[in-house]
Amino acid sequence: MNTMTYKGYAASIVYSEEDHCFIGRVLGIRDVVGFHGDSVEELRGAFREAVDDYLEACEKVGRVPDKSYSGRLMLRVPPEIHAAVATAASGSGKSINQWVTEALSRAVRR
């Protein structure tokens, strides 16, 4: 999956062979906000316009817009994984939060 980001919002991007264009959808919010474009630049502009329109629409109706992600991630892991992560983090001189953030960053860049 390919993504774009703008003003803290992320969107998934796919290519539609049937429509011969790129199609995007803003992720992590309750509303469905979609956009499309024939080129990357057109798609990028449509994404920005869709986010700006979403924020403007929320303001018009007096609703707080959803934020795509808060930065908080609650996980439940087996105790042995928790212990291994704590040991690895301590061994590298980092907090669990720092260590996990780096590990997740490496994992999503593959």
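Derivation of every value follows stated rules applied to the coordinates shown; laboratory data play no part. These numbers come from a predicted model, not from an experiment. Note that we place each Cβ from the backbone using ideal geometry, even for glycine, and neighbour counts take in every protein chain shown.
Things to note:
- Think of the chain as a dipole: +1 on every Lys or Arg Cβ, -1 on every Asp or Glu Cβ, centred on the Cα centre; then among ILE96, ALA10, GLY24, ILE96 lies furthest on the positive end.
- Under a model in which nothing but the beta-carbon of Lys, Arg (+1) and Asp, Glu (-1) is charged, the chain shows a dipole of about 820 debye around its Cα centre.
- Less than 5 angstrom separates the built amide H of HIS36 from those of GLY24, all sequence-distant by 5 or more or on a different chain.
- The value of relative contact order for the chain, using C-alpha pairs under 8 Å at least six residues apart, is 16 percent.
- Whole-Hz ³J(HN,Hα) from phi, Karplus 6.51 cos²θ - 1.76 cosθ + 1.60, for segment 94-106, glycine and proline x: 10, 6, 4, 4, 4, 5, 5, 4, 5, 5, 5, 4, 4
- Whole-Hz Karplus values for segment 39-45 come out as 9, 4, 5, 5, 5, 4, x Hz, taken residue by residue from phi with 6.51 cos²θ - 1.76 cosθ + 1.60 and θ = phi - 60°; glycine and proline positions read x.
- For the chain, the spherically averaged projection of the C-alpha convex hull amounts to 9.6 nm².
- Under 28 Å from the Cα of LYS7 - lysines, other chains or at least 8 residues apart: LYS60, LYS67
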